[in-house]
Amino acid sequence: MKKIGAFVIVSILLVFGIIFSISVGSVNVPIQDIIEALFTKETGSVGIIRNIRIPRVIMGVLVGANLSVAGVLLQGVMRNPLADPGITGISSGASIVVMLIMLYFPKNTHMIPFYGFLGGMAACFMIYSLAWKKGITAVRIILAGVAVNAILGGVSSMMSILNSENLAGVLNWMNGSLGKKSWNEVKVMILYTGIGLVLAMPLAKSCNLLALGDKNAKSLGMNPNLHRILISLVAVFLAGVSTAYAGVISFVGLVVPHVARLLMGSDHKVLLPFAAILGSFVLVLADTLGRTVTAPYEIPVGVIMSVLGGPFFLYLLRKGENNYGS
């Protein structure tokens, strides 16, 4: 009952968060205008709601779910609650490739999600190649991920310096932003998210077995290395396409799975869908704060998540409530 109650509460919070995010901004609009925007022509505030705010909020829901599920999968693969797409270098790999496309091949921006996935895959390949030594262990993956992340971070900084004159167009994206998203981008993201989540949910059993340790998993007929690679591929896909559209958004894939595990336990059959809903709510709320706290100026959602997510995660660590594997 406790878990069902948590699902219901978070789902209600997400619905209210979506409505609140659509209604507030430079121009506050009542709920009846939001309903009207769904059925009438695009005039006045209705056009703002339909073409700017609703696509932005939907993108926040999708990216939040993707990054949270990717974080849960990576933590399951590595049996470490500190693993996430940012720390392990996957987000950095995706962001570098997307930056290359934006800066040098702007005509190919329609393929950005695919390129983001390729960049994440390249980073993941580097990590697993460095971590492989008669098999893969969680500790080596983490260490290799931190090293690859540092290298790719340096490459990203070098690209920023070399292209400082042309960087204005991608600056918001680099800081993690949900702004200026079109309906076409949202439709493509819905497709990618649907594919990623459909692939992720059946992997819950594999994550549960990996949490028992490689020896126990092998005794139950599982190939730990093969399943680690499969789970990682899905996590890379979710994180890569999200980074391609929204930039690098830190701590969603780290804090949300951690909080979800405290509330729901470590059964991934429950943890994965709950983390998706919670991640959507957290990112929509963070984006709303970024749009309203310093209005008329806007703070990118990636900056908001770094400012709020870092201290909150430190609080969780200090509290000492780490239920991973319990």
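A few notes on this one:
Residues are listed down the side, and each one gets a yes or a no for (1) among the aliphatic types (A, V, I, L, M); (2) under 29 Å from LEU314 (Cβ atoms):
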site: GLY89; (1), (2): no, yes
site: ALA94; (1), (2): yes, yes
site: VAL97; (1), (2): yes, no
site: PHE105; (1), (2): no, no
site: GLY119; (1), (2): no, no
site: PHE125; (1), (2): no, no
site: TRP132; (1), (2): no, no
site: GLU165; (1), (2): no, no
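- Criterion violated by LEU238 - all others in (1) outside any helix (DSSP H, G or I); (2) among the aliphatic types (A, V, I, L, M); (3) at pLDDT 90 or above satisfied: (1)
Here is a yes/no grid of residues against (1) among the charged types (D, E, K, R); (2) at pLDDT 85 or above; (3) closer than 24 Å to TRP132 by Cα:
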{"residue": "ASN163", "(1), (2), (3)": "no, no, no"}
{"residue": "ASN172", "(1), (2), (3)": "no, no, no"}
{"residue": "ASN184", "(1), (2), (3)": "no, yes, no"}
{"residue": "THR193", "(1), (2), (3)": "no, yes, no"}
{"residue": "ALA211", "(1), (2), (3)": "no, yes, yes"}
{"residue": "LEU233", "(1), (2), (3)": "no, yes, yes"}
{"residue": "MET264", "(1), (2), (3)": "no, yes, no"}
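- Of the residues making up segment 290-306, those that are under 16 Å from ASN172 (Cα atoms) and assigned to a helix (DSSP H, G or I) are GLY290, ARG291, VAL301, GLY302, VAL303, ILE304, MET305, SER306.
- One residue stands out among those in segment 270-312 that are among the polar types (S, T, N, Q) and surrounded by fewer than 23 Cβ atoms within 10 Å (Cβ to Cβ): the one that is nearest to GLY179 (Cα to Cα), which is THR292.
- Residue under evaluation ILE249, criteria (1) part of a helix (DSSP H, G or I); (2) surrounded by 18 or more Cβ atoms within 10 Å (Cβ to Cβ); (3) at pLDDT 90 or above, criterion not met: (1)
- Of all residues in segment 172-182, none are among the small types (Gly, Ala, Ser), under 16 Å from the mean Cα position of the chain (by Cα), assigned to a helix (DSSP H, G or I) and surrounded by 23 or more Cβ atoms within 10 Å (Cβ to Cβ).
- Residue that is modelled with the highest pLDDT, among those in segment 90-142 that are on the phi < 0 side of the Ramachandran plot and not in a helix (DSSP H, G or I): PHE105
- Cross-chain or 6+ apart pairs with Cβ under 7 Å, segment 259-272 first and within 11 Å of CYS207 (Cα to Cα), then part of a helix (DSSP H, G or I) and polar (S, T, N, Q): ASP267/ASN208; HIS268/ASN208
- If you check GLY76, GLY60, GLY71, GLY116 for being touching a residue at least 40 places away in the same chain (Cβ under 8 Å), within 19 Å of the chain's Cα centre (by Cα) and more than 17 Å from ILE249 (Cβ to Cβ), only one passes: GLY76.
- Qualifying residue in segment 69-77 (condition: out of contact with any His (no Cβ under 9 Å at 6 or more places or on another chain), over 17 Å from ASN149 (Cα atoms), part of a helix (DSSP H, G or I) and at pLDDT 90 or above): yes
- Considering residues of segment 161-189 that are small (Gly, Ala, Ser) and without any contact (Cβ under 8 Å) to a residue 24 or more places away in the chain only, the residue nearest to ILE304 (Cα to Cα): ALA168
- With respect to the conditions (1) among the aliphatic types (A, V, I, L, M); (2) crowded, with 24+ Cβ neighbours inside 10 Å; (3) within 13 Å of VAL236 (Cβ to Cβ), LEU118 lacks only one, and its number is (2).
- Of all residues in segment 224-237, those that are over 16 Å from GLY145 (Cβ atoms) have Cβ atoms under 6 Å from Cβ atoms of residues that are in a helix (DSSP H, G or I) and of a type in the set (Ser, Thr, Tyr), 6 or more apart or on another chain, in HIS227/SER206.
The values are calculated or read from the model by the stated rules, or taken from the named source; none is laboratory data. As the structure is a computational prediction, the values presented were derived from the model and not from experiment. Here Cβ is always computed from backbone atoms with ideal geometry, including for glycine, and neighbour counts include all displayed protein chains.
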